[in-house]
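Single-structure report; data block below.
Bear in mind that the values in this text are calculations on the coordinates, not laboratory data. Only a predicted model underlies this, so the values are computations on that prediction, with no experimental measurement involved. Note that we place each Cβ from the backbone using ideal geometry, even for glycine, and neighbour counts take in every protein chain shown.
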Amino acid sequence: MTRWRDWPWTWKLAALIVAVSTVPIVVVTLFNESAARAGFIRESRRRNLQQAENTASLVTRYLREIVSTAEVLAQAPAAIEVLEAPRDTTAMRQLVTTLQSIQRAKGIDVLEVVDHGGTVVAATDGSRVGASRIAVPFFVSAMAGHTGVQDPRYTDDDHVVHVHVSVPLRDGRGRILGVAAGRVTLDEIDGLVNADTSYAGLGEFGMIWDEQGIVLSSPARPQRRFHPLAPLLPLVRDRLVAAARFGPGTAQLLDAPDRGGPLLEHSRHHLSDPSATPHVAASLAEGDVQVTSVPIAGTRWTYAIATPDAQVIAAARAESRRNLLLAFAMAAIAALLSIVTARRLARPLREVGDVARALAGGDMARRVRMARRDEIGELADTFDSMAEALANKDAELRRYAESLERRVDERTAELSGVLRAIPDLIYKVGAEGRIIEYVSAKDGGRGATPRPLIGRKLADLLPASIAARTVERIDAALAGKSVAPFEYRQVIGGSEQHFEARMSASGRDAVVILIRNITHRRRHEERARFLSRAASSLAGSLDYTSTVELLANLGVPFLGDICVVDLLEHGQLRLGSVTAVDPAHQTAIRASRSRSPIVLESNHPVARAVREGATLFRRWSAAAVNALAIPEEQSALIREIAPTSAMVLPLVARGQTLGAMTFASTVSARHYTDADLVLAGELADRAGIALDNARLYRELQESSRLKDEFLGTVSHELRTPLNAVLGWTQVLRRGMAGPDQTARALDAIERNALAQAQLVDDLLDTSRVVSGKLRIEFSGTDVADVIRSAIESFGPVARAKNVAVSVEAAPGLAPIQADPARLQQVIGNLLSNAFKFTPAGGRVVIAARHVGSAVEIQVSDSGAGIAPEFLPLVFDRFRQGDSTTTRAHGGLGLGLSIARHLVELHGGTIRAHSEGESCGSTFTVVMPVRASAATDAAARSEALDGAAAAIDRARILIVDDDDDARTLLKTMLTVAGARVDVAASAADARETVARRRPDVLISDIGMPREDGYELIRSIRREEEERQLSRLPAIAVTAYARDDDRTRAMGAGYDRHITKPVERDRLLQIVASLIGHGSSA
């Protein structure tokens, strides 16, 4: 077949004329077809959008009517009464009547009322009563407070897919009591959608699908129902199949999707962006269609009307066929005319061709020299000037070559700049392993010597351990093989650095190697692994001693050569554990600490860290040691160990400082940085929590042990006098005793009965102390008289034990305001304790004197004394220095505890002192000297008047989860004139403070989800961040231990009041805070 370029010009011109005459007609025809098609599509889309909006509105109204019906049911009084009183048969009958009337009026399939436990209590279908809906989505959604329509779901009872609506059923206070629910079949919705089938005569059909693309309604194409428009995600598919969402055949339905992926994506976009176009072209099983979609309000469903493209463009194509037939007829006529015309036009062209062939043959003198001035004549003139143009073209090509060379140079400079900007170290290495080109790393960590590198072998610059292997990798890269990235380490400037190298061939005879410093990344990974191992180790034990030992072992050698753990107990620091790489250092630290303990108030780094926070000593020196101003023993230890750097961090948990951890570098000569301090801080945080957990676990075990010991002691102490009473009673009953034995028996019975009564009184007093019901009746009291009465009551005991008693009462002791009976009980308990532990021939001294504005009462004995480790616990309930079965002294261990509480109720203090065992003991009571009762009452009245004046109009916020407690406190303060806000939780309290900052905050401690400690900490943090003035805060709680008070004050409260709350005391404390605090 002859190629186009070989055709004669006659035929080419004929073909050209035919094309010129035919192409416009074809183009116009195709344009008209396109325009007609576009017009059909626009008109179809306009109609479909209007129809789809109307139908979607009908579906929305239908669903809302069902929801409204459920809401009417939820508001029915009978429904509320049934849920509040399930056994009320009258209300149940009324509710059933209501359900049936609503069902008849609205035509709803089923109506149900479900209680908060998920059980159906009433339904239009009686067989459903008692069924559980606890896991059904419509119940879960409504119980969460949501009202709405649920996705269709298959039900086993009638084997039909239904649409459920649910509404939370609330009582008068807004609490959710249950759920009102209804359901309808999809046939009702099909009836609304079916009206759109071929409504405009173009084969239109309507569909509804959900957010996953599953078709819910398609009456014109019923086979589509429950099939997805596009394949589902495996997780979604498995979840729907597992739930049997559309019945037993759910898997078969979902595994037969359509091809409407783009349509589904468009509808999802339309759901999130209502302003998006509602029209989209799609390809479905029926073929290409034009789809107009509208979201259905109140659901995640989409309604759409689809029009097949074949119907839309059928008319346009018919018209196009007519136009094309006309175009072909015109083309045939043009072809005949063009052949005749072309023959006449081709003759001068042949002459131009002859001249061109002559020029090609080298006859540069040959010219056309045609006299005509038409296009062919211009062609001839062009041929005549071609020779001159060739010379000019040569010069132009030379200039162009020079321009290309300049562009290559510029591009090379650009590439060099890019290479210089790359942070990695870059080598270009030849076949012999010598460096051809070299770009230095920008971070300074090059991993190579700074000398000129061009021409040197790369193996000479790398560690010997990887040099040989690197040469092998270079050879492999030159051979065209893929070389995996590799890592190596190298010491640079005294510090070990980590590097990652990558290489690839560059041409046939060179390899490019990129070396990146990954030291920071590797160290971060090592630290993460270290913290993970530490957390795992700390979580493995709750034993306090083991945990303390473990803390010191965790950081060695990763964080340092030495780790010392100091513990803060009872306000004093003691060495907990120590670990060191050098055992001599460990021995030296233990010996030094035993000789010179650290004082909490000193300038020692450990004491400072406990008081002020973490401290970093980047470099130790003799001057730094001297600047500490610590005892010589401690300074000598630091000089002996000679650390190069150190870190000291407090151990803090739940707002309480438990001690400190010290890390020191010695043999490794490591210098700590801020990053090391952060890592150590994270370890200290975990260690503090672990230590506190172990401490709490130990306290729990100790409490359990004390409880068991106390119960055993109570049993022993109660049974011992009962034994004597019952024994002597049986002797007397049988008449076996003479007159002397009878008197002795009665005396023993009386003595043991009184002893047992005293034990019971102690237990009752302890119960009153714990419950806060122990009361004091103040009156003018002569201390000397109380002391004499107490001494007289213990006279027989003193004489029986041969213990000397002396009284040293200062003359002129002023009367004090106290409860005489309770004060005598205090002194009696102290004397009882003294006589119990003082052996025969010993001495007991009771002294009283004025000390400033108080009266001091001392009870001293020459008895057994108190061991130093037991001295801090001497006033604790149920505590005894000897609780074994071989103890020499009886008792429950309550006397001193009761004495302390009675003294504190008087506003006084009590303390104990002993030089140790066998050195006797001294108990000192300090009682304030109060004014007379009348003066004191007047002073209290004046103080309360002042407090009321200070509180008047003050804004006070009360936080307590107990409604009765909130109401009581609000009443106390409102009567005093305060403006009171209340909150039932910490979250509500923060919102109230942010909205209207109070003058004083009063908060409970024990609250669900977030306690009072977290509340005050969050408020103090916000004050610090926003630079707000301090909000005065009072903790009102039933937690009454000294530890509880300390913890509350440490968390950020200004005062601590134990329940039950005394009104006068509360008003005085609030007034004092208003007088000294301020709010923003």
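Using just the alpha carbons, could you tell me how many Å³ per residue the convex hull of the range 109-229 encloses?
Given the Cα convex hull of the range 109-229, per-residue volume reads 123 Å³.
Each principal axis of the Cα cloud of the range 475-603 was evaluated for its coordinate range; sorted largest first, these ranges are 77, 33, 26 Å. With distances taken between every two different alpha-carbon atoms, the range 463-504 has a Kirkwood hydrodynamic radius of 11.3 Å. Descending by average beta-carbon neighbour count within 10 Å, the peptides 230-237, 401-408, 956-963 line up as 956-963, 230-237, 401-408, the highest first.
DSSP loop (so not H, G, I, E, B), at most 15 other Cβ within 10 Å: list which trypsin sites (Lys or Arg not before Pro) in the range 495-535 pass both filters. When the trypsin sites (Lys or Arg not before Pro) of the range 495-535 are filtered for loop state and at most 15 Cβ neighbours within 10 Å, Arg508 remain. To the nearest 0.05, what FRET efficiency results for Arg1063 and Ser985 with a Förster distance of 30 Å applied to their C-beta separation? Using R0 = 30 Å, I get an efficiency of 0.75. For the range 196-309, the pair-distance distribution built from all alpha carbon pairs, in bins 10 Å wide starting at 0, is 15, 48, 32, 6, 0 percent.
With 0.36 nm allotted per residue and the present C-alpha distance subtracted, the Ser789-Met330 stretch has 151.0 nm of extension available. The stretch between Ala804 and Leu404, if pulled fully straight at 0.36 nm per residue, gains 131.8 nm over its current Cα-Cα span. For the pair Asp962 and Gln656, what calculated FRET efficiency results from E = 1/(1 + (r/R0)^6), where r is the Cβ-Cβ distance and R0 = 22 Å, to the nearest 0.05? E between Gln656 and Asp962, to the nearest 0.05, is 0.25. Whole-percent P(r), the range 775-930, all Cα pairs, 5 Å bins from 0: 2, 9, 19, 23, 21, 15, 8, 3, 1, 0. Put a dot 7 Å past the Cα of Arg508, heading toward its Cβ, do the same for Leu542, and the two dots end up 7.6 nm apart.
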